[in-house]
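The structure appears below as structure tokens.
The values are calculated or read from the model by the stated rules, or taken from the named source; none is laboratory data. Not measured: the values here are computed from a predicted model. Note: ideal-geometry Cβ built from the backbone for every residue, glycine included; neighbour counts use all protein chains shown. Just so you know, the surface numbers come from the protein's heavy atoms only, side chains and all, with ligands and any DNA or RNA stripped out. Shrake-Rupley method; radii C 1.70, N 1.55, O 1.52, S 1.80 Å.
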Amino acid sequence: MRLSNSRRAGRLAAVAVAAACVFSVVSCSSDDGGSNGSAADSSGAKASGEAIKVGLFNPSKGPATQPGVTTGKQAAVDYINNQIGGINGRPIEIVDCGIDQTAPESTVSCANQFVEAGVVAAIDGFNAESAAAVPILTAAKIPLVGQIPFSTITGASPANRVYFGPPPAAFLVGFMQQLKAEGKTSLTLANADLPQAHQVFDGLMKPLGAQLGIDVKSVYYPPTGPNFTQLASQLAEGNPAAAGLMTSPNDNVCTKLAQSLRSVKYEGTMFMAACTDFIDTLGAQAVGAQTYSPFWQPPALDATPAEVKGNLETAQKFIDDQNGTAGFYAYGTFSILADFATTVGNAKLTEYTGPSVLRTLKAIKDYQSFIGPKLTCGKTTTPNCTTEMLLFNVVGDKKTEPATGGFITPLPAALQRIPGAY
């Protein structure tokens with residue numbers, strides 16, 4: 001049966017990401033510094049004067065938190081305020097508000113607190129319920145800024161928001177087209193048994209697989225968590241060319257599944273979402289696996305181009321100094337704040353307000369991001385400043401390399417089918 005264009009658009013609008021519903025109740029606090037120590041060197045420029053307040057929707061509460069967001073925030077504040085002289089000389093102050101992605105009302109509460117606090121922007125810390133905040137932020141003229149819009153509703157419109165990374169659908173499309181380029185024609189992926197996951201597989205993965213000549217199969221596990229040995233056996237059944245996770249609630253799930261896939265003797269390509277911890281844990285056993293990312297990460301440091309390698313080393317130094325949870329969410333949060341501070345600071349604004357910050361971010365053109373690709377923002381059809389993504393191959397002990405030597409540009413024809421993705 002063929003779907004009408006309107007019904008197809010409606011289906012596809014809901015499939016951009018199958019992020020697990022995770023995270024918290026509400027707590028809000030200001031943070032004008034990092035850890036007790038600082039990774040800033042003696043030549044660093046110190047910020048001074050009245051702080052510029054920025055809100056952070058932080059998934060720090062609830063049943064499945066992302067502590068890497070807090071690590072990245074603390075490291076970035078240290079870097080911005082003690083190394084690069086803040087935002088045009090003034091320090092950044094983070095109004096950190098804990099949200100629960102299983103409870104949209106916590107996002108609403110944080111948005112209201114940001115309005116009361118007078119923030120000039122709100123940072124989306126990979127919040128699947130960010131759409132709940134959009135009406136409040138828009139009415140208060142506070143822009144929403146992030147890396148990837150985990151909410152498909154948020155990602156469907158560019159109004160009052162800017163995202164420095166690609167849309168979620170870019171990772172699906174880029175991975176699938178590279179799979180085809182490598183001559184791999186079978187794929188089995190697992191995800192939590194949630195409506196969003198079924199929509200992704202049925203509405204995007206399977207149609208795209210059919211278009212590319214790839215046999216796509218899905219395996220679901222209980223939202224409370226999988227039996228890893230059983231899941232690994234299901235994924236390995238029929239020996240597909242690639243198998244694993246398109247999304248993961250945390251690095252621990254990737255690590256346990258990767259260990260289980262090796263224990264059941266699966267020999268195809270393990271696909272481990274945006275995780276990196278499994279590479280350290282499995283060592284040589286991780287070789288041959290693949291991961292994706294919107295930016296360069298430490299396991300690929302040797303392959304990172306010169307224009308961002310120094311920045312990646314800097315981010316690693318400041319993140320390591322926190323002695324907290326590192327990984328994708330830490331580097332993602334660090335890069336959002338670093339790019340925000342740099343671009344807004346470079347504008348030399350005389351007044352910092354929501355509207356002036358939004359205009360500055362929308363005007364970004366051909367800007368080399370901190371640890372990602374060059375960005376051009378302000379498009380009329382998407383909040384995202386790029387569609388480019390990285391696909392990494394694990395090639396040695398704790399070492400990855402990009403599968404194509406650099407960024408992949410997903411097929412525009414596929415992205416254009418999804419509202420806000422192109």
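For the structure I just gave you, tell me whether T276 is β-branched (V, I, T) and at pLDDT 95 or above.
no
Within the range 234-261, can you find the residues that are buried (at least 16 other Cβ atoms within 10 Å of the Cβ), among the polar types (S, T, N, Q), closer than 29 Å to L411 by Cα and touching a strand residue (DSSP E or B) at 6+ places or on another chain (Cβ under 9 Å)?
Residues satisfying the conditions are T247, S248.
Quickly run through the range 343-360 and pick out the residues that are open to solvent by less than 40 Å² (accessible area, probe 1.4 Å) and farther than 15 Å from N160 by Cβ.
T343, V344, G345, L349, Y352
Limited to the range 324-354, what total is found for residues that are within 26 Å of P59 (Cα to Cα) and modelled with pLDDT of 95 or more?
Counting residues in the range 324-354 that are within 26 Å of P59 (Cα to Cα) and modelled with pLDDT of 95 or more gives 17.
Would it be correct to say that T380 is more than 21 Å from the chain's Cα centre (by Cα), within 20 Å of S151 (Cα to Cα), surrounded by fewer than 24 Cβ atoms within 10 Å (Cβ to Cβ) and modelled with pLDDT of 95 or more?
Yes, satisfied.
Being open to solvent by 20 Å² or more (accessible area, probe 1.4 Å) and assigned to a helix (DSSP H, G or I) narrows it down to one residue among K265, K206; which is it?
K206
Sort out which residues of the range 44-55 are open to solvent by 40 Å² or more (accessible area, probe 1.4 Å) and part of a strand (DSSP E or B), and write them in order of number.
Once the filter is applied, which keeps residues that are open to solvent by 40 Å² or more (accessible area, probe 1.4 Å) and part of a strand (DSSP E or B), the range 44-55 yields A45, K53.
Quick check: anything in the range 280-300 in contact with a Pro (Cβ under 7 Å, 6 or more places away or on another chain) and either more than 19 Å from I408 (Cα to Cα) or of a type in the set (K, R) (or both)?
There is no residue in the range 280-300 that is in contact with a Pro (Cβ under 7 Å, 6 or more places away or on another chain) and either more than 19 Å from I408 (Cα to Cα) or of a type in the set (K, R) (or both).
Show me the strands (runs of 3 or more DSSP E) entirely contained within the range 89-190 in which 2 or more residues are over 23 Å from G420 (Cβ atoms).
Working: elements: 92-100, 122-124, 144-146, 161-163.
Of the strands (runs of 3 or more DSSP E) lying wholly inside the range 89-190, those with at least 2 residues that are over 23 Å from G420 (Cβ atoms) span 92-100.
Output the residues belonging to the range 268-300 that are part of a helix (DSSP H, G or I), touching an Asp or Glu at 6+ places or on another chain (Cβ under 7 Å) and under 20 Å from T333 (Cα atoms).
Listed by number, the residues that qualify are D277, A300.
If I go through the range 209-233 residue by residue, how many of them are open to solvent by less than 20 Å² (accessible area, probe 1.4 Å), of a type in the set (A, V, I, L, M, F, W, C) and part of a helix (DSSP H, G or I)?
Number satisfying all stated conditions: 2.
For the range 319-342, how many residues are within 17 Å of T276 (Cβ to Cβ), assigned to a helix (DSSP H, G or I) and more than 17 Å from the chain's Cα centre (by Cα)? Can you show your working first?
Filtering the range 319-342 for residues within 17 Å of T276 (Cβ to Cβ) gives 319-320, 322, 324-335.
The next check asks that each one be assigned to a helix (DSSP H, G or I); those that pass are 319-320, 328-335.
Of the ones still in play, those that are also more than 17 Å from the chain's Cα centre (by Cα) are 320.
So the count comes out to 1.
Can you name the residue in the range 56-80 that is part of a helix (DSSP H, G or I) and among the hydrophobic types (A, V, I, L, M, F, W, C) and, of all such residues, is farthest from A39 (Cα to Cα)?
Applying the filter and picking the extreme gives V69.
Hey, does the range 158-181 have a residue that's open to solvent by less than 40 Å² (accessible area, probe 1.4 Å), at positive phi and either β-branched (V, I, T) or at pLDDT 95 or above (or both)?
Yes - at least one qualifying residue is present in the range 158-181.
Would you mind stating whether A363 is open to solvent by less than 10 Å² (accessible area, probe 1.4 Å) and more than 18 Å from the chain's Cα centre (by Cα)?
no
What's the total number of residues in the range 101-128 that are touching a Pro at 6+ places or on another chain (Cβ under 8 Å), at pLDDT below 95 and buried (at least 24 other Cβ atoms within 10 Å of the Cβ)?
The total comes to 3.
Those residues that are modelled with pLDDT under 85, over 13 Å from A242 (Cβ atoms) and touching a helix residue (DSSP H, G or I) at 6+ places or on another chain (Cβ under 9 Å), I need them from the range 198-227; list them, please. Don't jump to the end; show me each part of the working.
To start, the set of residues in the range 198-227 that are modelled with pLDDT under 85 comprises 198-205, 208, 223-225.
The next check asks that each one be over 13 Å from A242 (Cβ atoms); those that pass are 198-204, 208, 223-225.
Within the range 198-227, Q199, V200, D202, G203, L204, L208, G225 meet the criteria.
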